[in-house]
Amino acid sequence: MTKLPLVALASLLSFAGVARGQATASEGTLTLPTYLEGAPSSNAPFDQLNPTSAPIYPYTWRTSFTDKKVDHAWPTLVLENEYLRCTFLPDLGGHLYSCLDKLSGKDMFYANPVVKKNWVALRGAFAAVGVEFDFPVGHSWTTVSPVDFAFHRNRDGSAAVVISSTDRVTGMQWRVDATLRPGVDFLEQKVTLYNRSEARHGYSWWSNAAVLVEDASTRFVMPAALAATHSFSEVEPWPVNSAGVDLSVVGNIKSQLGLFAHG
């Protein structure tokens, strides 16, 4: 695992404790029940010329999953102030595992109590964990792989976690700067996407959030008038579709559904 250079700070800036008027950033560990993954394939499939599949090389397939569960200590990066405690997992694609509202004691996202990988992502292995960062395609090759990271305190009392990775297929790079400021109850996210080559590459940026549904009247807010299914095979009005169903209401969705803002 490669760490980004850690920002050097004056010794007077302490990472211990959360005092009013400051935010902290620190490393730690989080032990979670984790289902073991088998070894990846021994050969990376060279299918760059296959128009029907996403290129994999030089990555390998990760499609071996087991039913053996162990307690695993995952490295963490933690941002914290008076209101929020946000935990990132740099060995699982940099996922934002949880963002705890300290006043209510509730997580803003679904902090999955178990890590169990399954065949969902481009290389196979995927885990439903908090907020997922994907580039240059959804459920990317590194969605559950170690990524580069750093953390630092800023002169204004804020703290930041930086996570980043370079895609080995295209050579493009993504970076997320997550900043927590003192006295506020929201987490800022700055995304930088960088094409390091002179060649043009298509890309998408996904930032998927897992949320525990506790109320069927919960609504999705998507600032669009049209929504499309996967592959844009169908485009419907949003939020009320052509059948008169308000799909922004969770309780009205009766089966698995993926929708994307159109235009």
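The values are calculated or read from the model by the stated rules, or taken from the named source; none is laboratory data. Since this is a predicted model, take the numbers as computed values, not measurements. Please note that ligands, DNA and RNA were not included when accessible areas were found on the heavy atoms of the full protein model with its side chains. Shrake-Rupley method; radii C 1.70, N 1.55, O 1.52, S 1.80 Å.
Kindly sort 108, 222, 172 by accessible area of their heavy atoms, largest first, with the probe set to 1.4 Å.
Numbers: 108 85, 222 50, 172 5 Å².
My answer, sorted largest first, is 108, 222, 172.
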Item checked: Solvent accessible area, Å² - residue 212, 1.4 Å probe, full protein context -> 100 Å²
Next item on the list: Run the numbers on the stretch 26-90 and let me know its relative contact order in percent, using alpha-carbon pairs under 8 Å that are six or more apart.
Entry: 39 percent
Next item on the list: Would you mind telling me which residue in 166, 24, 218 has the biggest mean-square fluctuation in a Gaussian network model of the chain, where springs connect alpha carbons within a distance under 10 angstrom?
Entry: 218
Note to self: If I build a Gaussian network model for the chain, linking alpha-carbon pairs within less than 10 angstrom, which residue out of 23, 159, 243 has the largest mean-square fluctuation?
What the structure shows: 243
Next item on the list: Could you work out how far the C-alpha centroid of the stretch 239-263 sits from that of the stretch 168-182, in angstrom?
Entry: 31 Å
Margin query: Please compute the length gained on full extension between residue 250 and residue 168, using 0.36 nm multiplied by the number of residues separating them and subtracting their Cα-Cα distance.
Written below: 25.8 nm
Next item on the list: In whole Hz, with x marking every Gly and Pro, tabulate ³J(HN,Hα) for the stretch 240-248 from phi via Karplus 6.51 cos²θ - 1.76 cosθ + 1.60, θ = phi - 60°.
Entry: 8, 7, 5, 8, x, 9, 7, 7, 6
Checklist line | Part-to-part distance (alpha-carbon centres) for the stretch 50-86 and the stretch 191-235, which is given in Å | finding: 19 Å
Note to self: Using protein chains only and a probe of 1.4 angstrom, how many square angstrom of residue 234 are accessible, to the nearest 10?
What the structure shows: 100 Å²
Margin query: Given the whole protein assembly as supplied and a 1.4 Å probe, what does the accessible area of residue 57 come to in Å², nearest 10?
Written below: 100 Å²
Check: Mind checking which aspartates and glutamates have their C-alpha under 15 Å from residue 190, skipping anything on the same chain fewer than 8 residues away?
Finding: 132, 134, 177
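Students sometimes get this wrong: rank 254, 106 by accessible area, probe 1.4 Å, all chains present, largest first.
Details: 254 170, 106 120 Å².
Ranked from most to least accessible, the order is 254, 106.
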Checklist line | Relative contact order of the stretch 53-189, pairs being alpha-carbon contacts under 8 Å that are 6 or more residues apart, as % | finding: 22 percent
Note to self: Below 8 Å between Cα atoms, with a sequence gap of 6+, how large is the relative contact order for the chain in percent?
What the structure shows: 17 percent
Notebook entry, point to check: Which entry in (i) 57, 49, 45; (ii) 62, 38, 32; (iii) 50, 42, 41 matches Cα extents along the principal axes in Å derived from the coordinates of this structure?
Noted result: (i)
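If you roll a 1.4 angstrom probe over the protein chains with everything in place, what fraction of the accessible area of the chain belongs to carbon and sulfur, to the nearest %?
54 percent
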